[in-house]
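Just below is one structure, and these are the notes that go with it.
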Amino acid sequence: MTAISTMKPLAEPRTSEAIRIRPATGSDLAELTRIDEEVSGVAKRKYWTHLLASGGGRSRYVLVAEEQNQIQGFIVGEIRAWEFGEPPCGWVFAIEVRPKTRLQGIGTDLFSALCDRFRRAGVTKVRTIMARDNHLVLSFFRSQGMMAGPFIELEMALDRNG
Amino acid sequence: MKLQKASSFALFAVLELAANPTRQLSGVEIAAKYGISVHHLAKVLRDLGRAGIVDGARGVGGGYRLIANPKRLTLLDVIQVFEPVGSDSGASGGLKALTDPESALRVILDELDDHTVATFRSISISTMLKLMAAKPWAHSSRVFRPARTAAGRA
């Protein structure tokens, strides 16, 4: 698990006029699903439909990065209270940028915009969980200043027959 | 965990060169800054040169410069020039069948190794420079102990 306090992020947000960060709307569903499928290789239309429709109240943020009316990436986060016994903090559930438009600071802009919203909502910590072998995204979060948090993630396989 | 002296010296040198991209630095300058052996650092810099990470020029005005991309070069890339990291580093060796306790211990040690590799691989030299500039340890309530490296005045 990786965490960052709301100290100044390590990466400076890019100052591009061309990219606009805005909350996602229902009409962005097809693009979000397409980008996710392009990045992950798995189509999850039901998941994204549910995520955008349910909204998660005011504590969930789905932000998109738009350039010339085309979505280039998105980030999903939510403020959750007392998960794992911890006071309210921001969680990043997903961040994806089209492979063709990477290394232009879009991910940094998205992450920075989400952290700003978390800060305005009064939380002082942002966390995420990453697959150990996802070097690309793990390196991205590290470059933003995220460090290992105080948790250890554990799991076990469940025997179907109990 | 503990890094070998050579790995620590290599990281000091690489970070110093990355922080001064417009200058060539001599081994003497770097060694003086960290209070380490010039002789040992010279050997480390030669190994880094052979690995394609730094380039050295002899003579007056000579010195070393970083030729690897600091945004792509990771801590793991540098450390692995000098010591194995991860599951291979603690291999019990041979083809001897392990006892159950040995196998169970191996699983736990592999778990730790996997975390170590993932951590070193996820941190680039550029990220280290940003971390050094941000000094998060200065804002932390946690008491930071000196890094447990084998580096020191040699």
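Yes or no, residue by residue, for (1) surrounded by 16 or more Cβ atoms within 10 Å (Cβ to Cβ); (2) aromatic (Phe, Trp, Tyr):
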| residue | (1), (2) |
| --- | --- |
| A:26 | no, no |
| A:47 | no, yes |
| A:51 | yes, no |
| A:78 | yes, no |
TODO: Can you tell me which residue among A:128, A:108 is modelled with pLDDT of 95 or more and closer than 28 Å to residue A:155 by Cα?
DONE: A:128
Open item on the list: Restricting to region B:43-70, name every residue that is in contact with a helix residue (DSSP H, G or I) (Cβ under 7 Å, 6 or more places away or on another chain) and at pLDDT below 95.
Closed with: B:56
- [ ] Would you check which residues across region A:32-73 are part of a helix (DSSP H, G or I), of a type in the set (A, V, I, L, M, F, W, C) and touching an Asp or Glu at 6+ places or on another chain (Cβ under 9 Å) and list them?
- [x] A:32, A:35, A:39, A:48, A:52
Open item on the list: Filter region A:13-24 down to the residues that are touching a helix residue (DSSP H, G or I) at 6+ places or on another chain (Cβ under 8 Å) and either within 14 Å of chain B (Cβ to nearest Cβ) or at pLDDT 60 or above (or both) and list them by number.
Closed with: A:13, A:19, A:21, A:24
TODO: Among the residues of region A:89-104, count how many are of a type in the set (Gly, Ala, Ser) and surrounded by fewer than 19 Cβ atoms within 10 Å (Cβ to Cβ).
DONE: 1
- [ ] Residue by residue through region A:99-129, note down the ones that are in a loop (DSSP other than H, G, I, E, B) and more than 14 Å from chain B (Cβ to nearest Cβ).
- [x] A:121, A:122, A:123
Open item on the list: All but one of (1) surrounded by fewer than 19 Cβ atoms within 10 Å (Cβ to Cβ); (2) farther than 21 Å from residue A:151 by Cα hold for residue A:86; state the number of the condition that does not hold.
Closed with: (2)
Open item on the list: Could you go through region B:86-95 and let me know if any residue there is in contact (Cβ under 8 Å) with a residue 40 or more places away in the chain and of a type in the set (D, E, K, R).
Closed with: no
Task: Residue among B:27, B:59 that is of a type in the set (Gly, Ala, Ser) and crowded, with 18+ Cβ neighbours inside 10 Å - done: B:27
Open item on the list: Quick check on region B:83-98. Is at least one of its residues among the charged types (D, E, K, R) and surrounded by 15 or more Cβ atoms within 10 Å (Cβ to Cβ)?
Closed with: no
Open item on the list: Anything in region A:139-154 that is of a type in the set (D, E, K, R) and either closer than 14 Å to residue B:115 by Cα or more than 9 Å from chain B (Cβ to nearest Cβ) (or both)? List them, or say none.
Closed with: A:153
TODO: Return yes when residue A:132 is within 14 Å of chain B (Cβ to nearest Cβ), more than 14 Å from the chain's Cα centre (by Cα), on the phi < 0 side of the Ramachandran plot and not in a strand (DSSP E or B) and no when it is not.
DONE: yes
TODO: Determine which single condition residue B:11 fails, assuming it passes every other condition in (1) closer than 16 Å to residue B:77 by Cα; (2) free of Cβ contacts under 8 Å to residues at least 40 places away in the same chain.
DONE: (2)
Open item on the list: Which count do you get for residues in region B:57-83 that are under 21 Å from residue B:26 (Cα atoms), part of a strand (DSSP E or B) and within 14 Å of chain A (Cβ to nearest Cβ)?
Closed with: 0
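The values are calculated or read from the model by the stated rules, or taken from the named source; none is laboratory data. Everything numeric in this text was worked out from a predicted model, so none of it was measured. So basically every Cβ, Gly included, is an ideal-geometry build from the backbone, and we count neighbours across all protein chains shown.
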